Amino acid sequence: MALATADVVGILGDNLRLRGSVLPIPNRRAVHWTRGLELRRGGATVLYTGQMYQLVPYIERLVAAEQQLADSPLARFTGLGRRVNRIVNVSAFMGRPSRTERERSEEAPRRVVALLRGAGVEPGCLFEDDLYSGTLAYDLGLDELVAAHARRVQAVLRRHGVRTAITIDPHTTHMLRTIYPTLLDGWDVDVRSYLEVLAGALAPADALTAAPYASPPPAPVSGSGAAAVALHDSCVYARHEGVVEEPRRLLAAAGVAVLEPEQAGKFTWCCGGPAEALFPERALATAQQRVAQLRAVSSECVTMCPLCLVNLSKAADGAVRFRDIAEVLLDARGDR
Amino acid sequence: MTALATVGGAALGDKLRALGAFDAETCMSCGICTATCPLGIDVLPRQLLRHAALGLEQRIRDEQEVVFSCLLCRACEQSCPAGVHIAQDIRLLRRWLLEQGGE
């Protein structure tokens, strides 16, 4: 049995309104990925994570707890759970990932910093002011709450003097670049995915050797990465934000051949992630279909969204290795 | 469009347009969206949008789980010959359902 949709949506909305995120995590956890990187605080150009990669292990634990709850007699008391959650952060007790899980999720933003520095870009960071974008709440139709939250994000970016926000996941990119301008007056932040920044920094010679949508022979690469990978496009990057060529150009320039699955680019197939919070079984079935499409091409697959990575990895159950594109790009240059 | 919107006795389309840019009435009901939907639920999204365009509020309430199941992945929009903003329409249905008090 599924939990009561309105109550679950209500809890997520209450969390955003009261605690700044649909799934609040402690500040020290959200910023732990910055340790030792000596990032500048604020400035005109910052890396904006929107906490998405950091949130993934918490989402996984919460979904697992939700599934247990849905199969128990307690499922009838979600309304009571919502009332309690207004006073005490219930979700904090439902899902506490292990240190290993947390640190694995922190690797992506650290790798993005390394890649940007390799391209000559030194971004600042907002640390505890790097707020969640509100993406899930927006998808659920909680527009007023998201608009209020977006105003908080806007105020923070103004206070830090941010003109350009470099994002690291498709959902935060979409919210800040496409949705915020519809919710806010005077939103003037230039928002770019790090993939767009890196692709823009490719030397012309690299760009010429890159061959998107082709299947060049595998090139030797350093490190332990694969020479040819199946690429899973994020729906949000490909269809909402038009980020299709950039990952292909970057992989090709790094000497990694891209193998296209049955549905690719703007016709990519969803990983099922957006359904996970409310309908985990449907999310899993959708992910399994996508894994089959990718597996037909390669057992080495690359994603560019934290939700795609976790959903597809779970559905593959070890039959296919999924890695984030930042890891593959760093690995290809022999620097993880 | 007016005739369609009033068949169900309620101008649901007007209520949804008050919430945002609702455009389900431009749907030609060809079904390409349903054929391309990863979820494979026959109601999603063609029948759902038809119910909304016809003002069939109770049918939308009955399909609440389907409304919230949609991935908003826009695979349907990529192939829609009428250019319907399907994901936005689904989001507006969610807003309307939440304002109705949900389940």
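Brief remarks on what is shown
- Segment A:1-11, subset among the hydrophobic types (A, V, I, L, M, F, W, C) and either open to solvent by 20 Å² or more (accessible area, probe 1.4 Å) or part of a loop (DSSP other than H, G, I, E, B) (or both), residue modelled with the highest pLDDT: A:11
- Flag if residue B:47 is open to solvent by 40 Å² or more (accessible area, probe 1.4 Å), assigned to a helix (DSSP H, G or I) and either within 11 Å of chain A (Cβ to nearest Cβ) or β-branched (Val, Ile, Thr) (or both): no
- Flag set for residue A:46, criterion: more than 14 Å from chain B (Cβ to nearest Cβ), surrounded by 21 or more Cβ atoms within 10 Å (Cβ to Cβ) and either of a type outside the set (A, V, I, L, M, F, W, C) or over 30 Å from residue B:62 (Cβ atoms) (or both).
- Top-ranked residue in segment A:223-261 [being assigned to a loop (DSSP other than H, G, I, E, B), modelled with pLDDT under 95 and in contact with a strand residue (DSSP E or B) (Cβ under 8 Å, 6 or more places away or on another chain); ranked as farthest from the other protein chains (Cβ to nearest Cβ)]: A:227
- The residue of segment B:71-92 that is nearest to the other protein chains (Cβ to nearest Cβ), among those that are without any contact (Cβ under 8 Å) to a residue 60 or more places away in the chain and farther than 18 Å from residue A:174 by Cα, is B:79.
- Filtering segment A:120-143 to residues that are among the small types (Gly, Ala, Ser) and open to solvent by less than 40 Å² (accessible area, probe 1.4 Å) leaves A:124, A:133, A:134, A:137, A:141.
- Taken together, A:61, A:17 contain a single residue that is part of a helix (DSSP H, G or I), surrounded by fewer than 21 Cβ atoms within 10 Å (Cβ to Cβ), away from every other protein chain (no Cβ under 14 Å) and charged (D, E, K, R), which is A:61.
- Subset of segment A:176-194 [under 19 Å from residue A:130 (Cβ atoms) and either buried (at least 24 other Cβ atoms within 10 Å of the Cβ) or among the polar types (S, T, N, Q) (or both)]: A:176, A:193, A:194
- Top-ranked residue in segment A:272-289 [being in a loop (DSSP other than H, G, I, E, B) and not charged (D, E, K, R); ranked as nearest to residue A:311 (Cα to Cα)]: A:272
- Within segment B:76-103, the residues that satisfy the criterion of being farther than 21 Å from residue B:39 by Cα and open to solvent by 30 Å² or more (accessible area, probe 1.4 Å) are B:82, B:98, B:99, B:100, B:101, B:103.
- Every residue from segment A:281-319 that is touching a residue at least 60 places away in the same chain (Cβ under 8 Å) and hydrophobic (A, V, I, L, M, F, W, C): A:294, A:297, A:301, A:302, A:304, A:305, A:307, A:308, A:309, A:310, A:312
The values are calculated or read from the model by the stated rules, or taken from the named source; none is laboratory data. This is a predicted model, so every value here is computed, not measured. Counting neighbours? That spans all protein chains shown, and the Cβs are built from the backbone with ideal geometry, glycine included. Ligands, DNA and RNA are stripped out before the accessible areas are found, and what is left, the full protein with its side chains, is counted by its heavy atoms. Shrake-Rupley method; radii C 1.70, N 1.55, O 1.52, S 1.80 Å.
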